[in-house]
Amino acid sequence: MKEKEARRKPAKETLRTNIKDYIQKQIAAGVYRPGDRIVETQLAREMNVSQAPVREAILEMVALGMLEERPYSGHFVRALGPKEIEDIYQTRAVVEEYAAQRAADRATEDQLAEMKRLLQEMDAKRDLDRFVHQDMEFHNLVMDAAESAALKRAWSMLRMAEWTYIAAAITKSSLEEMIQQHWTIFRYLEARQAHSAGAYMYLHIKGFGEEVSQHFADQKKKEL
């Protein structure tokens with residue numbers, strides 16, 4: 001089996017991920033606005049899929065906090081406050097800062113080679129949808145290289161995969177700039193510069209958090 005085939009997600013998981021990506025795109029674009037109802041049957045028709053994976057994707061986004069369930073009414077887009085978003089990203093920044101510091105000291109040559117391969121793929125095929133998944137794979141590799149089960153659990157609980165699409169969609173940074181930021185993190189890791197790797201990772205995450213927070217704050221002002 002080829003390496004890429006081995007990494008391929010099961011069909012059901014991929015379908016659910018695609019549905020979540022679609023909902024996130026609609027939220028980022030302002031098509032789905034705070035308070036809008038997400039109708040399961042309508043979404044299934046739009047995407048030409050059955051209702052089961054749509055229901056699973058919606059429930060995952062409820063757990064994340066992007067959607068909310070109202071008894072006897074259905075599921076709606078949550079009105080996210082800037083402070084809530086800042087808190088999520090600030091927490092992630094601290095977790096990943098420490099993870100990058102540890103990874104700089106502990107990453108194996110194989111792990112560094114895998115990160116480099118992934119970054120080369122980012123360079124070769126510059127596509128936003130592809131980048132979002134590659135971004136999360138890169139950060140997951142850093143978390144693994146940190147060799148801390150406690151850190152990995154904390155990071156996983158933040159459910160950052162769903163936030164990454166929105167951040168990438170609304171950021172003022174170009175796709176090329178975002179890719180270069182990941183190369184910078186990698187070079188610090190490769191050079192075993194723990195302090196610099198952690199500091200740059202912190203600023204990288206915090207910067208995206210500030211943009212996402214401002215985006216939702218601006219949306220809220222438009223509704224007033």
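Nothing in this text is a laboratory measurement; each read-out follows from the coordinates by a stated rule. Quick caveat: nothing in here was measured; it's all calculated off a predicted structure. Counting neighbours? That spans all protein chains shown, and the Cβs are built from the backbone with ideal geometry, glycine included.
Angle between the Cα long axis of helix 82-106 and the longest principal axis of the chain, 0 to 90 degrees, nearest 10?
With both axes taken from Cα atoms, the answer is about 30 degrees.
Once every DSSP H run of n ≥ 4 in the chain is given -39500 (n - 2.57) and the sum is divided by its residues, what mean residue ellipticity at 222 nm do you get, rounded to the nearest 500 deg cm²/dmol?
Values: 11 runs with 171 residues, N = 224.
It comes out at -25000 deg cm²/dmol, rounded to the nearest 500.
Assigning unit charges at the beta carbon (Lys, Arg +1; Asp, Glu -1) and nothing else, what dipole magnitude in debye, to the nearest 20, does region 3-77 show about its Cα centre?
Values: 13 positive and 11 negative charges, 30 e Å.
Using only the charged Cβ atoms, the result is roughly 140 debye.
What spacing in nm lies between the two simple spin-label points modelled at LYS172 and LEU128, each 7 Å away from Cα in the Cβ direction?
1.7
How much of the pair distance distribution for the chain lies past 33 Å, counting alpha-carbon pairs only, in percent?
Details: 4542 of 24976 pairs.
For the chain, the fraction of Cα-Cα distances above 33 Å is 18 percent.
Just how large is the dipole of the chain about the Cα centre, in debye to the nearest 20, putting +1 at every Lys and Arg Cβ and -1 at every Asp and Glu Cβ?
On the way: 34 positive and 36 negative charges, 83 e Å.
Charge dipole, the chain, about its Cα centre: 400 debye, nearest 20.
Positive end of the charge dipole of region 3-77 (Lys, Arg +1 and Asp, Glu -1 on Cβ, about the Cα centre): tell me which of MET66, VAL39, TYR22 has its Cα farthest that way.
The one lying farthest along the dipole's positive direction is TYR22.
Using the count of nearby Cβ atoms within 10 Å as a rough guide to exposure, how do GLU147, GLU177 rank from fewest to most? Each step should come with its number before you reach the end.
On the way: GLU147 16, GLU177 10.
Final ranking by Cβ density, sparse to dense: GLU177, GLU147.
On a 0 to 90 degree scale, rounded to 10, what angle separates helix 109-124 from the longest Cα axis of the chain?
So the helix axis and the longest Cα principal axis differ by about 50 degrees.
Taking only Cα atoms, what is the 0 to 90° angle, nearest 10, from helix 175-190's long axis to the longest principal axis of the chain?
For 175-190 against the chain, the angle is about 40 degrees.
Along the charge dipole of the chain, Cβ charges K/R +1 and D/E -1, which of TYR89, HIS182, HIS204 sits furthest on the positive end?
Selected residue: TYR89.
Which whole-number value in Å³ per residue fits the convex hull of the alpha carbons of region 3-77? Walk me through the numbers on the way to the answer.
On the way: hull volume 7.6 nm³, N = 75.
Residue-normalised Cα hull volume stands at 101 Å³.
What order do you get for MET201, MET157 when you list them from fewest to most C-beta neighbours inside 10 Å? Can you show the working numbers first?
Values: MET201 28, MET157 10.
Sorted ascending by nearby Cβ count, the order is MET157, MET201.
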